[in-house]
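Only one structure is covered here, and it is reproduced in the block below.
The values are calculated or read from the model by the stated rules, or taken from the named source; none is laboratory data. Treat the numbers as computed from the prediction; the structure is a model and nothing was measured. FYI the Cβ positions are ideal-geometry reconstructions off the backbone, even for glycines, and counts take in every protein chain you see. Each accessible area value is taken on the protein alone, full model and side chains, heavy atoms only, with ligands, DNA and RNA left out. Shrake-Rupley method; radii C 1.70, N 1.55, O 1.52, S 1.80 Å.
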Amino acid sequence: MSNAVSDRIAAPRVRFKLSVLGPLLALLLLLILGALLNGNFLTLGNIMNVVARSASIGIIAIGATFVITSGGLDLSVGSMAAFTAGLMIIIMNALVPTLGTGWMVVVVGMLAGLLIGGGAGAANGLLVTAGRIEPFIVTLGTLGIFRALITFLANGGTLNLNFKVADVYSPIYSGNIAGIPVPIIVFAVIAIAAEIVLRRTKFGRHAAAIGSSEQVARYSAINVDRVRLMTYALQGALVGVATMLYVPRFGSANSSTAVLWELQAIAAVIIGGTMLKGGFGRIWGTVVGVIILELIGNILNLQSLISPYLNQAFQGAIIIVAVLLQRSKRAAD
Amino acid sequence: MEENSASLAGVAVSKSFGPVQVLYGIDLTLRSGEVHALIGENGAGKSTLMKVLCGYQGPTSGHLLLDGQRVVFHDSADAEHKGVVLIHQEFNLAEQLSVEANIFLGREMQAGALLDRRGMHDRSLQLLRELETEIDPRQLVADLSVPEKQMVEIAKALVRDARVLVMDEPTAVLTAKESEVLFKQIERLRQQGVAILYTSHKLDEVKSIANVVTVLRDGRHVITAPVSDMSVDQMATHMVGRDVSDLFPQKSVLAGSEIVLEVEHLSVPGRVFDASFALRRGEILGFAGLVGSGRTELMEGLVGLRHADGSIKINGAPIRIRSLRDASRHRLAYLTEDRKGHGLLLNMRMRPNLTLLGLDRFVHGLIDEKAEEKALEKAISDFDIRAGDRTVRVGNLSGGNQQKLLLAKTMLVEPDIVIIDEPTRGIDIGTKQQIYSFIDRLARSGKSVIVISSEMAEVIGLSHRVMVMKAGRIVGELEGRDIGEESIVRYAMGLAGSAAA
Ligand SMILES: Nc1ncnc2c1ncn2[C@@H]1O[C@H](COP(=O)(O)OP(=O)(O)OP(=O)(O)O)[C@@H](O)[C@H]1O
Ligand SMILES: [Mg+2]
């Protein structure tokens with residue numbers, strides 16, 4: 001009790017941890033590998049292409065980061081995206097007679113996408129919180145339901161967006177602002193906002209606290225159910241945003257739209273260093289994770305030694321390595 | 001010397017976590033048939049030394065001797081295999097397994113290729129009855145109370161035929177009566193020739209059951225001496241490095257009788273029945289009773305953590321409290337007895353833990369991390385929190401420092417009424433004194449405090465008034481001079497209830 005406080009408690013030091021550097025290192029290695037394999041790889045065009053293509057899954061993965069950080073899980077995001085895309089197309093097509101084929105229809109369609117996604121996410125959240133059902137079970141159930149609904153809506157075939165509307169809508173995916181593709185801009189803005197929300201707002205702090213210990217959160221006067229519900233609703237809304245970018249890319253939706261996106265999103269979150277059991281999340285890590293996954297596919301396509309069909313095997317291996325790194329982090333401190 | 005041959009010894013044991021050194025060249029010898037007490041302030045390094053001795057952590061330098069031979073434990077299982085068993089300060093039980101499965105975890109009895117479930121059941125039952133508990137071996141550990149879990153931990157160690165048994169604060173969560181049972185077992189083991197190392201912040205207990213005492217201070221060895229050569233006060237002085245004989249502050253004189261909180265007919269279904277009491281401004285109101293008498297449940301019901309019926313008035317105005325958020329709005333705060341399970345986020349740092357309850361004070365649009373950091377700085381100095389490094393995860397803080405952090409967290413919201421459940425569980429005597437004087441200052445500044453404690457001396461030494469609970473009911477109220485161990489016990493055991501009515 002005699003020494004001064006400053007003697008006892010050192011100020012925080014900057015430490016370089018493998019878990020922080022891991023995803024960045026992996027990204028760097030992939031970039032080098034890609035450059036060695038193909039001269040066209042490191043061109044601005046190719047890299048922008050890769051990032052733009054990863055935007056939809058990336059935006060969903062950002063939502064998944066919140067859900068997982070708070071100790072939840074959402075397996076339904078892929079079929080939710082397909083379902084949302086299907087409904088958006090139906091709504092826009094149905095509005096053509098009244099609103100014409102201009103921007104108006106597209107704006108209404110996009111808003112509908114946001115609402116449908118947010119609503120679907122909130123439904124998941126309500127089942128988890130008010131219904132007191134395990135998130136794994138709830139979202140496994142809704143995964144099946146949304147997938148069945150898109151198949152039903154498309155009558156087993158494909159829903160196509162009105163050609164003229166698709167033409168108007170297309171710049172949202174393929175357009176550029178100041179030379180940067182629109183999806184990249186949307187992705188970046190959402191990522192930055194999400195990082196701030198997770199790290200610097202009450203909601204973000206509470207989400208991490210709940211993931212760390214629900215009881216402690218409850219005893220700290222946190223409205224656990226409301227925060228949980230909000231993470232699922234946010235996830236849904238971001239699925240909506242991702243779908244807004246997806247629909248102009250293909251102009252159609254069917255039963256195989258966005259299949260296995262949930263796994264890609266969860267994989268990206270884990271590769272990025274977010275703890276699967278909750279309590280700690282990292283948005284920038286998720287962004288890096290998504291880009292890593294997309295790069296693997298890109299590199300496999302640029303070379304001829306290894307079959308691109310092995311893409312998923314590489315992704316799987318990376319996930320396992322990422323979790324191993326997380327564990328060594330825990331053992332280290 | 002023969003019969004007193006060394007069982008386990010640490011020689012010049014040092015331990016660092018990264019750049020933070022926790023132990024400095026400690027020599028410690030445990031002898032067969034001897035109870036050795038290890039005492040020291042919170043964060044002195046007791047648990048760390050115990051973990052090193054039992055193979056949970058390797059020493060950074062120095063080594064261990066088992067029966068005079070140099071030994072290296074590869075892990076705790078290796079140490080257990082060699083007869084060195086540690087009972088942790090934090091429980092190490094598989095919550096979703098039964099009591100008997102836990103007792104035999106890792107050394108299941110086999111009947112051929114299958115588990116000998118009957119044999120394990122019978123042995124568990126026998127052990128638990130020897131420990132004088134009513135626990136059913138088939139119960140899930142998750143359903144046990146905290147002292148019951150401690151008993152299971154002890155049964156688990158007994159089944160491992162320990163030659164060296166190390167216990168980290170086994171009595172911190174036990175009542176006096178339960179501790180007695182444990183001491184009987186310790187004495188029995190000692191007579192069988194087991195070497196026992198144990199730590200406790202209850203020094204009179206150390207005085208009565210230990211043969212030898214070793215004192216650590218700031219990771220350094222201070223003294224090892226036969227317990228007969230040291231009084232409790234001397235122990236405390238060695239631990240803290242100053243005199244701590246005046247443990248309790250002088251009780252303040254209550255100025256007025258203005259009632260700030262009035263609880264009437266509060267019931268928590270199945271737990272608390274028709275409890276009524278009032279709390280005055282500047283008053284310290286003690287709640288005594290046996291573990292399980294419903295004190296915690298009553299308070300949790302009051303602050304909205306459990307469903308409760310009844311009427312509550314604050315400053316004369318009737319209010320409804322349906323959740324802890326409602327309680328906070330009325331400046332009523334509750335500090336849980338279960339700091340690990342309900343109080344602190346163990347895998348996070350101190351800063352988010354400190355501000356979790358009062359986060360609103362730090363939000364101006366975004367969370368103001370600089371202000372948080374300042375608050376942490378202040379809490380560290382106000383509550384004398386000792387951590388190697390400010391970024392340490394709270395789970396790695398010593399128990400006492402966790403308690404201080406929890407206190408700081410609750411006080412950050414500047415409540416008018418504070419309910420503190422077991423304020424000094426697992427806390428060293430120097431810090432106890434600090435916490436008592438903190439509670440006293442709080443009351444003197446016009447706040448009102450409710451203290452629940454299983455430590456009789458604490459309730460008696462602090463409270464202006466004491467309510468005694470038994471089986472979910474308030475059975476007695478004592479004030480001023482009437483507050484005493486005997487009068488409390490009479491109510492708590494149900495001896496005085498009918499006579500007084
Ligand atoms: N894994 C760890 N990483 C970093 N620091 C640690 C770790 N384990 C312990 N410490 C630090 O070592 C010091 C000693 O802790 P220890 O738990 O041994 O104290 P203690 O004497 O048992 O205290 P208490 O009476 O409160 O239980 C503390 O400052 C603690 O923060
Ligand atoms: Mg300890």
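Among the residues making up the stretch B:169-197, none is free of Cβ contacts under 8 Å to residues at least 12 places away in the same chain and either within 14 Å of B:I87 (Cα to Cα) or aromatic (F, W, Y) (or both). When you look at B:A375, is it over 30 Å from B:T175 (Cβ atoms), out of contact with any strand residue (DSSP E or B) (no Cβ under 6 Å at 6 or more places or on another chain), outside any helix (DSSP H, G or I) and open to solvent by less than 20 Å² (accessible area, probe 1.4 Å), yes or no? The answer is no for B:A375. Of the helices (runs of 4 or more DSSP H) lying entirely inside the stretch B:1-118, those containing at least 1 residues that are out of contact with any strand residue (DSSP E or B) (no Cβ under 7 Å at 6 or more places or on another chain) and either open to solvent by less than 40 Å² (accessible area, probe 1.4 Å) or among the polar types (S, T, N, Q) (or both) span B:76-81, B:99-103. Among the candidates B:L38, B:L23, B:L49, B:L64, the residue that is over 26 Å from B:P147 (Cα atoms), within 16 Å of ligand 2 (Cβ to nearest atom) and more than 14 Å from chain A (Cβ to nearest Cβ) is uniquely B:L23. Residues of the stretch A:125-137 that are assigned to a helix (DSSP H, G or I) and either modelled with pLDDT under 95 or under 19 Å from A:I210 (Cα atoms) (or both): A:G125, A:L126, A:L127, A:V128, A:T129, A:P135, A:F136.
Whenever a residue of the stretch B:75-88 is closer than 18 Å to B:D168 by Cβ and assigned by TED's automatic domain parsing to the domain that holds B:L165, its partners that are open to solvent by 30 Å² or more (accessible area, probe 1.4 Å) and among the aromatic types (F, W, Y), lying with C-beta atoms within less than 6 angstrom and at least six residues away or across chains, give the pairs B:S76/B:Y56. Among the conditions (1) over 22 Å from B:L254 (Cα atoms); (2) within 14 Å of chain A (Cβ to nearest Cβ), B:K470 misses just one, which is (2). Number of residues in the stretch A:207-223 that are in contact (Cβ under 8 Å) with a residue 60 or more places away in the chain and either more than 7 Å from chain B (Cβ to nearest Cβ) or touching a Lys or Arg at 6+ places or on another chain (Cβ under 7 Å) (or both): the value is 5.
Apart from one condition, B:T171 fits all of (1) away from ligand 2 (no atom under 16 Å from the Cβ); (2) of a type outside the set (A, V, I, L, M); (3) touching an Asp or Glu at 6+ places or on another chain (Cβ under 7 Å); the exception is (1).
Exactly one residue among B:V173, B:V152, B:V213, B:V222 is at negative phi, of a type in the set (A, V, I, L, M, F, W, C), within 16 Å of ligand 1 (Cβ to nearest atom) and not in a strand (DSSP E or B), and that residue is B:V173. I'd like the full set of residues that are of a type in the set (V, I, T), surrounded by 21 or more Cβ atoms within 10 Å (Cβ to Cβ) and within 30 Å of B:K409 (Cα to Cα), limited to the stretch A:206-246. Within the stretch A:206-246, A:I210, A:V216, A:I222, A:V227, A:T231 meet the criteria. A:R249 meets all of the listed conditions (1) surrounded by 19 or more Cβ atoms within 10 Å (Cβ to Cβ); (2) within 19 Å of the chain's Cα centre (by Cα) but one, namely (1). Hey, among B:E258, B:E283, which residue is open to solvent by 10 Å² or more (accessible area, probe 1.4 Å) and within 16 Å of B:V449 (Cβ to Cβ)? Only one candidate passes the filter, namely B:E258. All of (1) out of contact with any Ser or Thr (no Cβ under 8 Å at 6 or more places or on another chain); (2) within 11 Å of another protein chain (Cβ to nearest Cβ); (3) closer than 22 Å to A:A208 by Cβ; (4) crowded, with 16+ Cβ neighbours inside 10 Å hold for B:G395 with one exception: (4).
Considering A:L159, A:L198, the condition of being assigned to a strand (DSSP E or B) and open to solvent by less than 40 Å² (accessible area, probe 1.4 Å) is satisfied by A:L159 alone.
Pairing residues of the stretch A:268-279 that are assigned to a loop (DSSP other than H, G, I, E, B) with residues that are surrounded by fewer than 24 Cβ atoms within 10 Å (Cβ to Cβ) and at pLDDT below 90, at Cβ distances under 6 Å and at least 6 apart in sequence or on separate chains, gives A:G273/A:S19. Please determine whether any residue of the stretch B:399-410 is assigned to a loop (DSSP other than H, G, I, E, B), more than 19 Å from B:F17 (Cβ to Cβ) and away from ligand 2 (no atom under 16 Å from the Cβ). Checked against the condition, which is being assigned to a loop (DSSP other than H, G, I, E, B), more than 19 Å from B:F17 (Cβ to Cβ) and away from ligand 2 (no atom under 16 Å from the Cβ), the stretch B:399-410 yields no hits at all. Taken over the stretch B:89-129, the criterion of being closer than 24 Å to B:R163 by Cβ, touching a residue at least 24 places away in the same chain (Cβ under 8 Å) and away from ligand 1 (no atom under 16 Å from the Cβ) is satisfied by B:L93, B:E100, B:N102, B:I103, B:F104, B:L105, B:G106, B:R107, B:R123, B:S124, B:L127, B:L128. In the stretch B:176-209, the qualifying residues are those that are open to solvent by less than 30 Å² (accessible area, probe 1.4 Å) and within 16 Å of ligand 1 (Cβ to nearest atom), and the one that is farthest from B:L49 (Cα to Cα) is B:E205.
The residue that is surrounded by the most Cβ atoms within 10 Å (Cβ to Cβ), counting only those in the stretch A:87-102 that are outside any helix (DSSP H, G or I) and in contact (Cβ under 8 Å) with a residue 24 or more places away in the chain, is A:T101.
A quick yes/no check of all residues on (1) without any contact (Cβ under 8 Å) to a residue 24 or more places away in the chain; (2) at the interface with chain A (Cβ under 9 Å from one of its Cβ atoms):
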site: B:R329; (1), (2): yes, no
site: B:K378; (1), (2): yes, no
site: B:D384; (1), (2): no, yes
site: B:E414; (1), (2): no, no
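In the stretch A:190-197, the count of residues that are away from chain B (no Cβ under 14 Å) and farther than 24 Å from A:L127 by Cα is one or more. The test for being more than 14 Å from chain A (Cβ to nearest Cβ), at pLDDT 95 or above and within 27 Å of B:E486 (Cα to Cα) does not hold for B:F248. For the stretch B:311-327, filtered to residues that are assigned to a loop (DSSP other than H, G, I, E, B) and open to solvent by less than 60 Å² (accessible area, probe 1.4 Å), the residue that is farthest from the other protein chains (Cβ to nearest Cβ) is B:G316.
Taking the condition more than 16 Å from ligand 1 (Cβ to nearest atom), assigned by TED's automatic domain parsing to the domain that holds B:Q185 and at positive phi, does B:E132 pass? The answer is yes for B:E132. Residue count for the stretch B:331-348, restricted to those that are surrounded by fewer than 22 Cβ atoms within 10 Å (Cβ to Cβ), facing chain A (nearest Cβ under 9 Å) and outside any helix (DSSP H, G or I): 4.
Each residue in the stretch B:350-360 was checked for being touching a helix residue (DSSP H, G or I) at 6+ places or on another chain (Cβ under 7 Å) and open to solvent by 60 Å² or more (accessible area, probe 1.4 Å), and 0 of them qualify.
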